[in-house]
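Working notes, structure below.
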Amino acid sequence: MKKIYLFLIIVIGLSSCGGGDSNQPSITNDGYDRGALLVNLTDNIIIPSINQFSNELSDLNQSFQTFSSDLTQNNLMDLRKKWLDAYISWQYVEMFNIGKAEEMYYFQKTNIYPTNTARIELNVESATFDLENNSNNFSAQGFPAIDYMLYGIESDSNMVITKYQSVDGYKYTNYLSSLINQMISNTDQIINYWQTERDDFVSSTANTATSSLNKLTNDFIYYYEKGFRANKIGIPGGVFSSVYTDKVEAYYRKNISKKLAIEALKAVKAFYNGESFVDGTSGESLKTYIDFIVSKNNLSNIYLSQQINDKFNNSEQMLLQLNDNFVEQINGNLLQFLYTYDAIQEGVVKLKTDMLSVLSIAVDYVDADGD
Amino acid sequence: MNNIKNYLNQKIRPEPLAFLRIGFGLLMLFSMIRFYYNGWIESIYIEPFMHFKYYGFEWVKSLGHYNYLLFIICGVSSLFVALGYKYRFSIFVFFISFTYIELIDKTTYLNHYYFISVVSFLFIFLPLNAKYSLDNYLNKKAFLSVPKWNIDAIKLFVFIVYFYAGLAKINSDWLLQAAPLSLWLTSNYDLPILGDLFQKSWVHYFFSWGGMLYDLLIPFFLIINRTRIFAFLLVILFHVMTAILFPIGMFPYIMILFATIFFSSNQFQKIFKAFESIKFLKTKDIWYQDYNSKFQKINVLIISILLFVQILFPFRSLMYSGELFWNEEGYRFSWRVMLIEKMGYTTFRVIDSQSDKRILVENSNFLTDFQIKQMSFQPDMILEYAHFLGDYYKKRGFIEPKVFVDSYVTLNGRESQRFIDNNVNLLEEKESFKKKNWIIPLKDEIKGI
């Protein structure tokens, strides 16, 4: 009996040792600093990306002002260029569908494609529409809608200008103005959100379904699987059912669908590797977190973080070989397009099985007991 | 033979049974309320478009919104059990309604739900209402003693649960890699004090070995008089710890309650003294006597069979070749708890061999997130879902559907690998107790029991 009490005392003693340790600052060296991870992702990637996007939108608006007061070929070309710049910049923002962005349907209001042209024409004609709250208008605004307004309403640029110059042209100008203003006001709200929430966000380091890192990781994977893999490649390529060439991104502009996809993948890679949006230097990231856990727990899965990068790089190589215009790619060589999808899919597998398991990230959507 | 007869005739005071009955009934009532409070009746039993069935229990259907009624029946019967009101009928109703709920969908399978089903079945044949029950007052009859084997049967079952859980931990992943505890403990970094400790490798091994030794030895320490109090303190410490660390619901509290069955009647008398001083409960009309069941023989038989099955059934996995943690053939109903961290990603292709129709299934169109998570790494669920998809698309114009699966799974921190043969049309495979040859073997070996 005495021996057993001795054992009990030892057990309790051991646990209280730990208590003593934790009061010393040196203990933080032993665990992974998730605070630093969140600070790097937030301050060096999320916030600068959104700020950059906001600047591109201002440029877009300026260019639009010039165009609307002077409907010339040159001004249209500049407007189109600014639209593309902003669209590329958006590829670095879409994955952060978190907090305010999720709440206000920021992604849905910015990049749902194919765009609903009938709805757009209806809105143009009636001039009364609610882009803010009416979810039927999600697919009649954002970049895909502007794509239609700049490339789709007529078959070439001269005719587009003619359309804007026509008697009803002002209706199109007004709608275009509304589209751009809506994106600006949406983005202002997001910037404001990060200004006020940043400190809370980076200090939410717990491992619960609602803590920052868990939400960010889940949103990242969701974006890679849905926003990137399915929307840009899988759905138009007919992976899920039949081929829909009209569902490629930037359908009316046509030859930039590859460019947008590659930018999106670059954004994914940069986020995963914790590369600063400002200067490209690497910091704490999902990659360094994986490496930490794998080596700390002596897991056999030692190449995991590199394997994920390999999957991304392989996908990028495959994407680079595709036609600039995914419509032509699908019509010309669907198989090559589907192989690209498969390469991207291999990344989904790694993220959703190995990475989630190693990081023991509480999956946000599952709420039940285990044993 | 005489020994057995003597043993079966031994008497013991019924206090431990009364305490267990009250505790069990209240815990179950709380458990039902908790289920409702968390919205699980809706999300687990009503919302899903399809349910995963246990082999042989395909006929158990979800009752839709009447599931609420089922939970009410289950909750009320557990309250009646606690009160000892019409005990036999109440525990029978509890067993039936609880087990029915569990059989609706195996996605939510948990060892402790199975534990509750088994003990509530066992309780049907035991006089848990012998004392301190409403039945005593209604029947003007209470019992000073019950057969000793009644309590021993419960002890034996608890013994099996702990000991087998300990045996299952004797494997190379658990003891040599500290897996999956290392992953789970590391992720509890935000706990005060312990969080930092959980980052240390030796702590992972300490918990792994400690957990194994605890499960193997605690039933012995509970049985031995001299060590019982210490063992019970350890039971509380251990289970409260697991309750803090892991999302395992009611399990820790249930096990703490069942450990009390090892205490002798004397130790309970103090508790019930307080009980007896309540005026309302003082009745002079009650007739005290020894408990003697008319059905003693049949009760002994049924419970012997039950316990015998419980001793053998967990070993059925030995009849399957291959890696148990990977194939999960004979994994359930065997007290294998906390042993595996599995994460899967599984997608289905349905192809019509009579036309060019094909579809890559979006799982979320048919399954809840919880079902997707569980299905993705459990072969029998993958097969059942494949058949569901085959039937579904047959009704929607696929003349001769074939279902293929792309499935990848990671086990205890290993690199993920293909789980199911992607060249096998799962519609040609049937669920059975036979070995599933379409599972691709784990490229590793886990040594152990």
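Structure notes:
- Failed item, numbered, when B:Lys395 is tested on (1) more than 10 Å from chain A (Cβ to nearest Cβ); (2) buried (at least 19 other Cβ atoms within 10 Å of the Cβ); (3) basic (Lys, Arg): (2)
- Yes/no for B:Phe57 being modelled with pLDDT of 95 or more, within 21 Å of B:Val93 (Cβ to Cβ), within 14 Å of chain A (Cβ to nearest Cβ) and surrounded by 13 or more Cβ atoms within 10 Å (Cβ to Cβ): no
- In region B:86-119, the residue that is farthest from the other protein chains (Cβ to nearest Cβ) out of those that are within 16 Å of B:Pro48 (Cα to Cα) and not polar (S, T, N, Q) is B:Leu103.
- Number of positions in region B:403-449 that are more than 30 Å from B:Gln354 (Cα to Cα), over 28 Å from the mean Cα position of the chain (by Cα) and not polar (S, T, N, Q): 3
- Taking the numbered list (1) within 14 Å of chain B (Cβ to nearest Cβ); (2) in contact (Cβ under 8 Å) with a residue 24 or more places away in the chain; (3) farther than 23 Å from A:Gly237 by Cα in turn, A:Val348 passes all entries but (3).
- Those residues of region A:30-63 which are under 15 Å from the mean Cα position of the chain (by Cα) and hydrophobic (A, V, I, L, M, F, W, C), in sequence order: A:Leu41, A:Ile45, A:Ile46, A:Ile47, A:Ile50, A:Phe53
- Given (1) closer than 30 Å to B:Phe404 by Cβ; (2) touching a strand residue (DSSP E or B) at 6+ places or on another chain (Cβ under 7 Å), index of the condition A:Tyr303 fails: (2)
- The residues listed here are A:Ser68, A:Ser58; of these, the one that is within 14 Å of A:Ile184 (Cα to Cα) and either surrounded by fewer than 20 Cβ atoms within 10 Å (Cβ to Cβ) or in contact with a Lys or Arg (Cβ under 7 Å, 6 or more places away or on another chain) (or both) is A:Ser58.
- The set of residues in region A:32-65 being closer than 25 Å to A:Asn255 by Cα and of a type in the set (S, T, N, Q) consists of A:Ser49, A:Gln52, A:Ser54, A:Asn55, A:Ser58, A:Asn61, A:Gln62, A:Ser63.
- Scanning region B:221-247 for residues that are among the aliphatic types (A, V, I, L, M), at the interface with chain A (Cβ under 10 Å from one of its Cβ atoms) and touching a helix residue (DSSP H, G or I) at 6+ places or on another chain (Cβ under 6 Å) yields a single hit, B:Ala231.
- Residue tally, condition under 29 Å from A:Ser203 (Cβ atoms) and assigned to a helix (DSSP H, G or I), over region B:163-198: 10
- Hey, B:Ile298 hydrophobic (A, V, I, L, M, F, W, C) and either in contact with a Lys or Arg (Cβ under 6 Å, 6 or more places away or on another chain) or over 30 Å from B:Leu175 (Cβ atoms) (or both) or not: yes
- On the stretch given as region A:351-366, residues that are at pLDDT below 85, more than 16 Å from A:Glu225 (Cβ to Cβ) and either more than 7 Å from every other protein chain (Cβ to nearest Cβ) or part of a helix (DSSP H, G or I) (or both) total 1.
Yes/no matrix, rows are residues, columns are (1) aliphatic (A, V, I, L, M); (2) touching a helix residue (DSSP H, G or I) at 6+ places or on another chain (Cβ under 9 Å); (3) at pLDDT below 95:
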{"position": "B:Gln296", "(1), (2), (3)": "no, yes, yes"}
{"position": "B:Val309", "(1), (2), (3)": "yes, no, no"}
{"position": "B:Tyr320", "(1), (2), (3)": "no, yes, no"}
{"position": "B:Val350", "(1), (2), (3)": "yes, yes, no"}
{"position": "B:Asp356", "(1), (2), (3)": "no, no, yes"}
{"position": "B:Ile372", "(1), (2), (3)": "yes, yes, no"}
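- Screening region A:24-57 for residues that are charged (D, E, K, R) and closer than 21 Å to A:Asp291 by Cβ and picking the one that is modelled with the lowest pLDDT gives A:Asp30.
- Only one of the listed residues (B:Ser62, B:Ser78) is of a type in the set (S, T, N, Q) and in a helix (DSSP H, G or I). That residue is B:Ser78.
- The requirement of being under 19 Å from the mean Cα position of the chain (by Cα), outside the structural domain of B:Gln374 (by TED's automatic domain parsing) and of a type in the set (Lys, Arg) is satisfied by B:Arg34.
- Residue in region A:306-324 that is of a type in the set (S, T, N, Q), closer than 12 Å to A:Leu359 by Cα and within 14 Å of chain B (Cβ to nearest Cβ) present: no
- A Cβ distance below 6 Å, combined with a sequence gap of six or more or placement on separate chains, defines the contacts here; from region A:146-162, residues that are assigned by TED's automatic domain parsing to the domain that holds A:Ser63 reach residues that are hydroxyl-bearing (Ser, Thr, Tyr) in the pairs A:Asp147/A:Tyr252; A:Tyr148/A:Thr115; A:Tyr148/A:Thr117; A:Tyr148/A:Tyr252; A:Tyr151/A:Tyr252; A:Gly152/A:Tyr252.
- Subset of region B:186-218 [more than 9 Å from every other protein chain (Cβ to nearest Cβ) and not small (Gly, Ala, Ser)]: B:Leu191, B:Trp202, B:Tyr205, B:Phe207, B:Trp209, B:Met212, B:Leu213, B:Tyr214, B:Asp215, B:Leu216, B:Leu217, B:Ile218
- Residues satisfying the criterion are absent from region A:304-320 (criterion: at pLDDT below 95 and among the charged types (D, E, K, R)).
- Qualifying residue in region A:261-281 (condition: within 14 Å of chain B (Cβ to nearest Cβ), out of contact with any strand residue (DSSP E or B) (no Cβ under 6 Å at 6 or more places or on another chain), in contact (Cβ under 8 Å) with a residue 12 or more places away in the chain and assigned to a helix (DSSP H, G or I)): no
- Verdict on A:Gln329 being at pLDDT 95 or above, over 30 Å from A:Arg253 (Cα atoms) and either crowded, with 18+ Cβ neighbours inside 10 Å or within 14 Å of chain B (Cβ to nearest Cβ) (or both): no
- Every residue from region B:318-347 that is more than 14 Å from the chain's Cα centre (by Cα) and among the basic types (Lys, Arg): B:Lys342
- Meets criteria (in contact with a helix residue (DSSP H, G or I) (Cβ under 9 Å, 6 or more places away or on another chain), β-branched (Val, Ile, Thr) and within 27 Å of A:Asn218 (Cα to Cα)) for B:Val361: yes
- Any hit, region A:226-244, residues being crowded, with 21+ Cβ neighbours inside 10 Å, away from chain B (no Cβ under 11 Å) and assigned to a loop (DSSP other than H, G, I, E, B): yes
- Residue count for region A:341-364 satisfying the condition of being within 20 Å of the chain's Cα centre (by Cα) and farther than 22 Å from B:Val405 by Cβ: 2.
- Counted residues, region B:336-357 - those being within 7 Å of another protein chain (Cβ to nearest Cβ) and either of a type in the set (D, E, K, R) or more than 27 Å from B:Phe251 (Cβ to Cβ) (or both): 2
- Against the numbered list (1) of a type outside the set (A, V, I, L, M); (2) outside any helix (DSSP H, G or I); (3) modelled with pLDDT of 95 or more; (4) under 29 Å from B:Ser364 (Cα atoms), A:Tyr223 comes up short only at (2).
The values are calculated or read from the model by the stated rules, or taken from the named source; none is laboratory data. Nothing here was measured: the structure is a model prediction, and the numbers come from that model. A quick note on method: Cβ atoms are made from the backbone with ideal geometry, for glycine too, and the neighbour counts reach across all protein chains shown.
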